[in-house]
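A quick write-up on the structure given underneath.
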Amino acid sequence: MATAALLPRTLLVIPPLTQLNTPYPSTAYLTGFLRTRGCEVAQADVGMDMVLALFSKSGLARVFEILRAHRLELQGEAKQMLALAPAYVDTIDPVIRFLQGRDSSLATRIVQRTLLPEGPRFARLRRVTGRHLRFSATDHAKHLATLYLEDLSDLIGQTIAPQFALSRYAEHVGTSASTFDQVLAALEAPPSLTDHWAIEALERQVRRHEPTVIGLTVPFPGNLYGAFRLAQAVRARWPAMKLVLGGGYVNTELRRLTDPRVFDYVDYVTLDDGERPLLSILESLAGLRNESSLTRTFVRTGHNRVDYLRGTGDADIRMDDTGTPTYDGLDLERYLSILDTTNPMHRLWSDGHWNKLTVAHGCYWKQCTFCDVSLDYIGRYDATRTTVLLDRIEALVAETGRRGFHFVDEAAPPAALKALAIGLLERGLSISWWGNIRFEKSFTPDLCRLLAASGCIAVSAGLEVASDRLLTKMKKGITVDQTARVAAAFRAAGILIHAYLMYGFPSETVDETVESLERVRQLFAADLVQSAFWHRFVATAHSPVGLDPKSHGIKIVGPSFAGFADNDLIHIDVKGDCPEWLGKGLRLAVGEFVEGRGFSTKVPCWFERPVRVPRVSRFWASQAAAHADTRQSGSLRGRLIWLGTDPIIERWESRTTTLVLPSKTEDTVLRLPHAVSEWLIALLRNASPIQHAKQMPYPLLSTAREGYPLGGLKKCELWMKSPAWRELRRAGLLIL
């Protein structure tokens, strides 16, 4: 590590504002990687610092002081909240401690509805009688405290800090910003009160760590303004400091960057995975490589021109070599567990900390025509070895003390998840985890049971359009019936499901959209899906649709590229008819479904204009889900995995043995011939991850059948149709 000592000290910063419940993982990933190379690197969530400065007794006192100075300009609701200023100021610190999990005793007072001032966000809660009965007392209190914070957020965003929002800080500045002018316009305005708190937080971090390089991550449009506002402050205070801009928004939107004015604020703009570009920049600043050999990095040359340096001689860092993410420097106790919905699946995004890991980089499918398959984060597939992933899980549990994991894959591969699940069971690692998948037929009921046994609690997946014609057109590789079967397999295993949905795909008609809603209604009504989000299709510059619009039946009409962002395209659908007004009805309907209501409402009633009654069988979901997967009888090439513990011999009689198969919830009793019981005990031990010798493969079903002691293969085939076999399968014998 002789050269590592020369590398500049680095501070990686999360600008306002991503999530309140857990750090966005980009800096944790990069910090973990750079430390494997001996770099001195720190990280900070300036957005969280800003939120805690605002939601404090002194912060709110300052807010209301400013509001009082402009009392005459306030609207009715703002005036009412100003009148309750003492109640807000006195309760904010206890509420924040409660949402941080530091004072659970406050829950009782909150649910009594006498402690917190109730603003406009509480109005809907009062209209929905009994809604809170779906909560525990603690969750009900979290929900009320969240409404309280949202009221304050609305007040601040509508008055003294127009850029402020709890999750989308100045998002409008970064959305469809084809020109840098709108960013500059925002930066030329005086910093708001919340801006000042963010800048002060960054200044504290700089004084503490004394970096020579600051990396700013911009995962979403809502981080763009905050990143440039912080860069502006650094330029004014420490002009020699080097600033690097990267992240998901940059990777997607700024691939054609040509505006040199961006580099008045930052020195480097990097694309795609940040490990190699950032390491190259640090090596260049240390004099270990020429700037001309930087990797996937935009720079401004002396001719006031923007050059893109590809660094073709440097290979990407493989997933096995990126190191374990670390949250060192990000105090997890400071984050807030908010609860803005009763839905158990949706709350995973906002309630509690989740350690973030990636099973595989990119997408193993990468054919969907609406997706940015031409970009690295989708197109370059690289799976993490299971042993490496398991080691990282153990390391993060040891570091954070938290056993919740969110695998942030584009689509986690079924085979990799199977290997992960077996590895977790073999190591005895008790975690809870969730992630994104495709509705693959590979997710059989047995695989879903295995995933659940390893700790899987939820999955999200793209159904997109519940129409086989459109699914084929977008090369999704699934059917609506297959989706219902896969959803049923996950739900039978106790795993929650969130579905991503879209409308307005090229050539889609109003009738197809309405029929999609009917299928989605049935999936919710049958409890096959618990959560969903519906958005309008947008053609993007890096998708097959955007790259070749004519062949997909659309015409691109804007926006004109002006040197900055280039992603969302305005298009005309030449063949389709899917107007914007459909969106309101779709969102209203799915919002009710998510809350467990509205299933009896006829689908056309959700729309404000007349639509045709959908031509979908009212039994579609139940029939599709009930259609048996032929592989569930067990492929002969499948291997046996036993989720239970060692069988117990309860009784030995003259001809039969009574076996008890203990489980965590109920016991299964089998009465078998002596020879069969001995064969079965040995088989289950060899198939158990708990006792499995890792150098030995799990037993093949075909081999097990041949070894059946009472007549071999043919007799075993008959026995596998018996009630005893069905009980054994139900008790936890999987075929995978």
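Some points to look at:
- The number of residues in the range 379-402 being among the basic types (Lys, Arg), closer than 15 Å to Val359 by Cα and either surrounded by 15 or more Cβ atoms within 10 Å (Cβ to Cβ) or touching a strand residue (DSSP E or B) at 6+ places or on another chain (Cβ under 8 Å) (or both) comes to 2.
- Test: residue in the range 706-716 that is touching a residue at least 40 places away in the same chain (Cβ under 8 Å) and either assigned to a loop (DSSP other than H, G, I, E, B) or not polar (S, T, N, Q) (or both): no
- Top-ranked residue of the range 495-528 - restricted to ones that are touching a strand residue (DSSP E or B) at 6+ places or on another chain (Cβ under 8 Å) and small (Gly, Ala, Ser), ranked as farthest from Val611 (Cα to Cα): Ala499
- Positions within the range 310-359 being farther than 30 Å from Gly596 by Cβ, open to solvent by less than 20 Å² (accessible area, probe 1.4 Å) and small (Gly, Ala, Ser), in sequence order: Gly311, Gly323
- Residue in the range 258-270 that is open to solvent by 40 Å² or more (accessible area, probe 1.4 Å) and either at pLDDT below 95 or part of a helix (DSSP H, G or I) (or both) present: yes
- Note on the range 322-361: residues that are without any contact (Cβ under 8 Å) to a residue 60 or more places away in the chain and over 24 Å from Ile437 (Cα atoms) total 1.
- Sub-6 Å Cβ pairs linking a first residue in the range 637-665 that is without any contact (Cβ under 8 Å) to a residue 12 or more places away in the chain to a second residue that is in a strand (DSSP E or B), at least 6 apart or interchain, are Arg651/Thr658, ordered by first then second residue.
- Enumeration of residues in the range 291-307 that are open to solvent by 70 Å² or more (accessible area, probe 1.4 Å) and either within 34 Å of the chain's Cα centre (by Cα) or touching a residue at least 24 places away in the same chain (Cβ under 8 Å) (or both): Arg300, Asn304, Arg305
- Residue among Val510, Val545 that alone is open to solvent by less than 10 Å² (accessible area, probe 1.4 Å) and either farther than 30 Å from Gly379 by Cα or in contact with a His (Cβ under 7 Å, 6 or more places away or on another chain) (or both): Val545
Rundown of residues vs (1) assigned to a helix (DSSP H, G or I); (2) charged (D, E, K, R); (3) open to solvent by 20 Å² or more (accessible area, probe 1.4 Å); (4) at pLDDT 95 or above, yes/no style:
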residue	(1), (2), (3), (4)
Gln232	yes, no, yes, yes
Pro239	no, no, yes, yes
Arg276	yes, yes, yes, yes
Arg289	no, yes, yes, no
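- For beta carbons closer than 7 Å, sequence separation of 6+ or different chains, a first residue in the range 671-689 that is buried (at least 20 other Cβ atoms within 10 Å of the Cβ) and a second that is among the aromatic types (Phe, Trp, Tyr), the qualifying pairs are Leu684/Trp642; Ala687/Trp642; Ala687/Tyr698; Ser688/Trp642.
- Once the range 92-121 is narrowed to residues that are among the small types (Gly, Ala, Ser) and assigned to a loop (DSSP other than H, G, I, E, B), the residue that is surrounded by the most Cβ atoms within 10 Å (Cβ to Cβ) is Gly119.
- Scanning the range 442-450 for any residue that is surrounded by fewer than 19 Cβ atoms within 10 Å (Cβ to Cβ) and touching a Pro at 6+ places or on another chain (Cβ under 9 Å) turns up at least one such residue.
- Test set (1) touching a His at 6+ places or on another chain (Cβ under 8 Å); (2) assigned to a strand (DSSP E or B) - Arg255 fails condition number: (2)
- Hits in the range 518-531 (condition: under 24 Å from the mean Cα position of the chain (by Cα) and either surrounded by fewer than 22 Cβ atoms within 10 Å (Cβ to Cβ) or of a type in the set (A, V, I, L, M, F, W, C) (or both)): Val520, Leu523, Phe524, Asp527, Leu528, Val529
- Selection from the range 421-437 of residues that are free of Cβ contacts under 8 Å to residues at least 40 places away in the same chain, in contact with a helix residue (DSSP H, G or I) (Cβ under 7 Å, 6 or more places away or on another chain) and open to solvent by 10 Å² or more (accessible area, probe 1.4 Å): Arg427, Leu429, Ile431
- Selection from the range 363-372 of residues that are over 15 Å from Ala415 (Cβ atoms) and buried (at least 21 other Cβ atoms within 10 Å of the Cβ): Cys368, Phe370, Cys371, Asp372
- Residue match in the range 674-691 (condition: among the hydrophobic types (A, V, I, L, M, F, W, C) and modelled with pLDDT under 90): yes
- Only a single item in (1) modelled with pLDDT of 95 or more; (2) outside any helix (DSSP H, G or I); (3) hydroxyl-bearing (Ser, Thr, Tyr) is not met by Tyr169, and it is number (1).
- Evaluating Ser454 against the criteria (1) within 16 Å of Ile641 (Cβ to Cβ); (2) touching a Lys or Arg at 6+ places or on another chain (Cβ under 9 Å) leaves one unmet condition, (2).
- In the set (1) assigned to a loop (DSSP other than H, G, I, E, B); (2) out of contact with any helix residue (DSSP H, G or I) (no Cβ under 9 Å at 6 or more places or on another chain), Asp316 fails one condition alone, (2).
The values are calculated or read from the model by the stated rules, or taken from the named source; none is laboratory data. What you are looking at is a predicted structure, and each value in this text was computed from that prediction instead of being measured. For neighbour counting, all protein chains shown are included, and Cβ atoms are generated from backbone atoms with ideal geometry for every residue, glycine included. These accessible areas exclude ligands, DNA and RNA; they are computed on the full protein's heavy atoms, side chains included. Shrake-Rupley method; radii C 1.70, N 1.55, O 1.52, S 1.80 Å.
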